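The values are calculated or read from the model by the stated rules, or taken from the named source; none is laboratory data. Predicted, not measured: the structure shown is a model, and the values here were computed from it. Quick reminder, even Gly has a Cβ in these numbers, built from the backbone with ideal geometry, and neighbours come from all protein chains shown. The accessibility values were calculated without ligands, DNA or RNA, using every heavy atom of the protein model including side chains. Shrake-Rupley method; radii C 1.70, N 1.55, O 1.52, S 1.80 Å.
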Amino acid sequence: MTTSILVEKKKLAKPPLDIHYLGDRVLRQAAKRIASVDEDIRRTIVAMLQTMYSADGIGLAAPQVGINKQLIVIDTELEKPEIPPLILINPTIKKYGKTLCKDQEGCLSIPGVYLDVERPETIELAYRDESGRPRSLKADGLLARAIQHELDHLTGVLFVDRVENELALTEELKKKGFSLQHVQHLTSGAK
Ligand code: NI
């Protein structure tokens, strides 16, 4: 049985799901493991992909659309229709590379805000795919960053929590109409 999910990489006038924004409590909850990958989950995956493509995003985690499940869709190749998206169910990072690198991140839940975040450059990941099969993956560069960013969403962490440049963070949030009070700092040695 083939269960591959085909979704056209295009913008819809009315995306199926609403994205929740910084300040919304659903973004701060820990997501629950998915016990079985069934048709219901696959329908959710399709709706998440359509919503992500409509918003020009390269990643979307279920809590961002108000679904409290360990489910992520990622596509770092928006311009390449032949490359399928990555669908991660119950993902866990097994290993982090030692090298850290800093790059700019954004988030569909914090539109317009782009700031530098430091993360391990490489990771090894275990997850289930859209058919429920266990899989593993080694990633680096943009993909590794996108995976770590989306996995954070499953534990209620947002990229702004990891931003070290306090001044840039304050200014950027203010400029885009977000409040610093919704940031939960995660800097090393946090209380
Ligand atoms: Ni995000």
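I'd like to check something: does the range 114-126 contain any residue that is open to solvent by 10 Å² or more (accessible area, probe 1.4 Å) and at positive phi?
Taking every residue of the range 114-126 in turn, none turns out to be open to solvent by 10 Å² or more (accessible area, probe 1.4 Å) and at positive phi.
On the given criteria, is VAL65 of a type in the set (A, V, I, L, M, F, W, C), within 15 Å of the chain's Cα centre (by Cα) and open to solvent by less than 70 Å² (accessible area, probe 1.4 Å)? Spell out the reasoning first.
On the way: of a type in the set (A, V, I, L, M, F, W, C): yes; within 15 Å of the chain's Cα centre (by Cα): yes; open to solvent by less than 70 Å² (accessible area, probe 1.4 Å): yes.
In short, yes.
If we only count strands (runs of 3 or more DSSP E) wholly inside the range 1-117, which ones have 3 or more residues that are within 16 Å of the ligand (Cβ to nearest atom) and within 20 Å of PRO134 (Cα to Cα)? Spell out how you get there, then give the answer.
On the way: elements: 59-61, 71-74, 86-96, 100-105.
Result: 71-74, 86-96.
Among the residues of the range 102-125, what is the count of those that are of a type in the set (S, T, N, Q) and in contact (Cβ under 8 Å) with a residue 24 or more places away in the chain? Before the answer, list the steps.
Narrowing the range 102-125 to residues of a type in the set (S, T, N, Q): 104, 109, 122.
Subsequent filtering for residues that are in contact (Cβ under 8 Å) with a residue 24 or more places away in the chain retains 109, 122.
Within the range 102-125, residues that are of a type in the set (S, T, N, Q) and in contact (Cβ under 8 Å) with a residue 24 or more places away in the chain number 2.
List the number of the failed condition for GLN184; all other conditions in (1) open to solvent by less than 90 Å² (accessible area, probe 1.4 Å); (2) touching a residue at least 12 places away in the same chain (Cβ under 8 Å) hold.
Looking at each condition in turn, GLN184 falls short on (1).
Can you find a residue in the range 76-88 that is exposed (fewer than 12 other Cβ atoms within 10 Å of the Cβ) and within 30 Å of VAL183 (Cβ to Cβ)? Step through it out loud before you land on a result.
Keep residues of the range 76-88 that are exposed (fewer than 12 other Cβ atoms within 10 Å of the Cβ), which gives 79-82.
Among the residues that remain, those that are also within 30 Å of VAL183 (Cβ to Cβ) are: none.
No, the range 76-88 contains no residue that is exposed (fewer than 12 other Cβ atoms within 10 Å of the Cβ) and within 30 Å of VAL183 (Cβ to Cβ).
Do we have LYS176 as more than 19 Å from the chain's Cα centre (by Cα) and closer than 23 Å to LEU78 by Cβ here? Spell out the reasoning first.
Numbers: more than 19 Å from the chain's Cα centre (by Cα): yes; closer than 23 Å to LEU78 by Cβ: yes.
Criteria met by LYS176.
Which residues, taken from the range 156-171, are part of a helix (DSSP H, G or I), open to solvent by 30 Å² or more (accessible area, probe 1.4 Å) and either closer than 26 Å to ASN68 by Cβ or acidic (Asp, Glu) (or both)?
Answer for the range 156-171, where residues must be part of a helix (DSSP H, G or I), open to solvent by 30 Å² or more (accessible area, probe 1.4 Å) and either closer than 26 Å to ASN68 by Cβ or acidic (Asp, Glu) (or both): ARG162, GLU166, GLU171.
What number of residues within the range 138-150 satisfy the criterion of being open to solvent by 30 Å² or more (accessible area, probe 1.4 Å) and in contact (Cβ under 8 Å) with a residue 40 or more places away in the chain?
Residues in the range 138-150 being open to solvent by 30 Å² or more (accessible area, probe 1.4 Å) and in contact (Cβ under 8 Å) with a residue 40 or more places away in the chain: 3 in total.
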